[in-house]
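Q: I have a structure here, written as structure tokens, and I will follow up with some questions on it.
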Amino acid sequence: MTKPDYLQYAPWPSPDSLLSRLDQSLGLTQTIINALIPGQEKVPQLPGLNPPYWEYGHLIWFHEFWVHRHGKPSNPSFLEQADALFNSSVIAHADRWRADLPTLDVLTDYAFDVMRRTTTLLQSGSMSEEQAYFVQLALFHQDMHNEAFAYMWQFLGYPWPVETGPDLPCDRKSAQQSGYIDFSHARLQLGSAPHTGFMFDNEKWQHEVLAPSFSIASHAVSNAEYLEFLLLGCSATEERAALQPAYWRPVGDQWFEKFFDQWLEIDLDAPVRHISAHKAECYCSWRGLRLPTEHELSVLLASSGVAWTHPKLWEWTSSSFLPFEGFSPDPYHDYSAPWFDGKHRVLKGWSAFTASDLRRAQYRNFYLPSRQDFFCGFRTCLT
């Protein structure tokens, strides 16, 4: 009998490795949540936000549901009413603000209980392939939500409770001279192949594509380049304000950018960030350039021997988020399929807040092109 797709994602990590990564990811979540001061858990009801305690409970519930309940609602939760409260496929976004959530202490006990059971499973020496898959699914789901906490904290102006290191985007590094790299009729293996490790269902399966000749920027668009567009390409103050990146503001002749709870003078050499695809396309139109396609940006990410720089930001493409031919959903059906609506765009790469295991060339991120709250930027192609 042929194995289901999600059991073809070997090799599986060792139990010790999984346990270490789970501890690390859960520890980050708890650091973020525990740093909230009273009242900060109450956030406005907006499309890009979730109540922090609800999001914390959802992460624990997701882990429990897939790892210990085998994805079956008929298997009871360890926490009463958890399905009704924390299943994001059931509870409407607006209802998350009205839900009668458990206290933070109860949620923390829930997290420790679930993690204790997972630790027992991983240390048992009898973990099945299916369990290995679901543990990784829960881990990467937690990693993604930790990144979501970062861009929610950025929007809310909350201090980021993790020590700033060299991998964070507030670092000021002088950019090298940007240029364009020419690729001639590049053939690319797009997506992921069986037995190459964990993947998400929208990566299935690896197939060859041909990217016609193109020229792509070696660097993402910088703050200086985008500011030039604002000052010279916008004829009215209202237009300039509408096309500003999400967290910019002018003070006299100087421009500042918010980074969590700080307003910093803009580093002109740094890549522009918190920019929607729509604003990126306005910039491209003014410059006589265009956004790269998913194929073209994938070629660059997979290239070696050429001088290009990663901006430590998700990078917009012009490609709609659509399934590859022969797509079939994995057990968590709501991960990809609901978003194949022709409205979402593919982003490639990773941000400084993306967990290391998710920084893969095959990974396909996706957002509505109007979104700019997460850590995203863009590079250009010659037309």
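Q: In this structure, does Asp330 turn out to be charged (D, E, K, R), within 17 Å of Gly191 (Cβ to Cβ) and touching a helix residue (DSSP H, G or I) at 6+ places or on another chain (Cβ under 6 Å)?
A: In short, yes.
Q: Check Asp143, Asp95, Asp105, Asp100 and return the single one that is under 23 Å from the mean Cα position of the chain (by Cα), at pLDDT 95 or above, under 24 Å from Pro44 (Cα atoms) and acidic (Asp, Glu).
A: On the way: Asp95 fails: under 23 Å from the mean Cα position of the chain (by Cα); Asp105 fails: under 23 Å from the mean Cα position of the chain (by Cα); Asp100 fails: under 23 Å from the mean Cα position of the chain (by Cα).
Exactly one residue qualifies, and that residue is Asp143.
Q: Okay, next question. Within the stretch 304-315, can you find the residues that are at pLDDT 90 or above and within 11 Å of Ile216 (Cβ to Cβ)?
A: Selection gives Trp308, Glu315.
Q: Still on this structure: So Ser126 ticks every box in (1) in contact with a His (Cβ under 9 Å, 6 or more places away or on another chain); (2) among the hydroxyl-bearing types (Ser, Thr, Tyr); (3) part of a loop (DSSP other than H, G, I, E, B) but one. Which box is left unticked?
A: (1)
Q: Tell me, please, whether a residue that is without any contact (Cβ under 8 Å) to a residue 12 or more places away in the chain and farther than 23 Å from Leu347 by Cβ can be found in the stretch 265-273.
A: Yes, the conditions are met somewhere in the stretch 265-273.
Q: Specify the residue that is surrounded by the fewest Cβ atoms within 10 Å (Cβ to Cβ); the eligible residues are those in the stretch 350-364 that are out of contact with any helix residue (DSSP H, G or I) (no Cβ under 6 Å at 6 or more places or on another chain) and within 20 Å of Pro245 (Cα to Cα).
A: My answer is Ala352.
Q: Could you please let me know if Leu322 is surrounded by fewer than 23 Cβ atoms within 10 Å (Cβ to Cβ) and touching a residue at least 24 places away in the same chain (Cβ under 8 Å)? Lay out the reasoning, then the answer.
A: Details: surrounded by fewer than 23 Cβ atoms within 10 Å (Cβ to Cβ): yes; touching a residue at least 24 places away in the same chain (Cβ under 8 Å): no.
For Leu322, the condition - surrounded by fewer than 23 Cβ atoms within 10 Å (Cβ to Cβ) and touching a residue at least 24 places away in the same chain (Cβ under 8 Å) - is not met.
Q: Tally time: how many residues in the stretch 1-39 are part of a loop (DSSP other than H, G, I, E, B) and surrounded by 14 or more Cβ atoms within 10 Å (Cβ to Cβ)? Lay out the reasoning, then the answer.
A: Step one: filter the stretch 1-39 for residues part of a loop (DSSP other than H, G, I, E, B), giving 1-4, 8-14, 35-39.
Filter once more, keeping what is surrounded by 14 or more Cβ atoms within 10 Å (Cβ to Cβ): 8-10, 12-13, 35-36.
Residues meeting the conditions: 7.
Q: Please go through the stretch 47-85 and give me each residue that is without any contact (Cβ under 8 Å) to a residue 12 or more places away in the chain and either crowded, with 20+ Cβ neighbours inside 10 Å or assigned to a helix (DSSP H, G or I) (or both), ordered by number.
A: Selection gives Ala84 alone.
Q: Tell me, please, whether a residue that is in contact with a Cys (Cβ under 6 Å, 6 or more places away or on another chain), touching a residue at least 24 places away in the same chain (Cβ under 8 Å) and closer than 26 Å to Leu139 by Cβ can be found in the stretch 358-375.
A: Our first condition is that a residue be in contact with a Cys (Cβ under 6 Å, 6 or more places away or on another chain); within the stretch 358-375, this holds for none.
No, every residue in the stretch 358-375 fails to be in contact with a Cys (Cβ under 6 Å, 6 or more places away or on another chain), touching a residue at least 24 places away in the same chain (Cβ under 8 Å) and closer than 26 Å to Leu139 by Cβ.
Q: Sticking with this one: Among Ser319, Ser328, Ser298, which is the only one that is part of a loop (DSSP other than H, G, I, E, B) and either over 17 Å from the mean Cα position of the chain (by Cα) or among the hydroxyl-bearing types (Ser, Thr, Tyr) (or both)?
A: Only one candidate passes the filter, namely Ser328.
Q: Can you spot a residue in the stretch 72-84 that is more than 30 Å from Trp248 (Cβ to Cβ) and hydroxyl-bearing (Ser, Thr, Tyr)?
A: Of the stretch 72-84, the ones more than 30 Å from Trp248 (Cβ to Cβ) are 72-84.
Narrowing further to those that are hydroxyl-bearing (Ser, Thr, Tyr): 74, 77.
Yes, some residue in the stretch 72-84 is more than 30 Å from Trp248 (Cβ to Cβ) and hydroxyl-bearing (Ser, Thr, Tyr).
Q: Could you grab me the full set of residues in the stretch 201-218 that are over 19 Å from Thr317 (Cα atoms) and surrounded by 19 or more Cβ atoms within 10 Å (Cβ to Cβ)?
A: Asp201, Lys204 - these are the residues of the stretch 201-218 that are over 19 Å from Thr317 (Cα atoms) and surrounded by 19 or more Cβ atoms within 10 Å (Cβ to Cβ).
The values are calculated or read from the model by the stated rules, or taken from the named source; none is laboratory data. This one's a predicted model, so the numbers in the text were calculated from it and none came from an experiment. Reconstructed Cβ throughout: ideal geometry from the backbone, glycine too, with neighbour counts over all protein chains shown.
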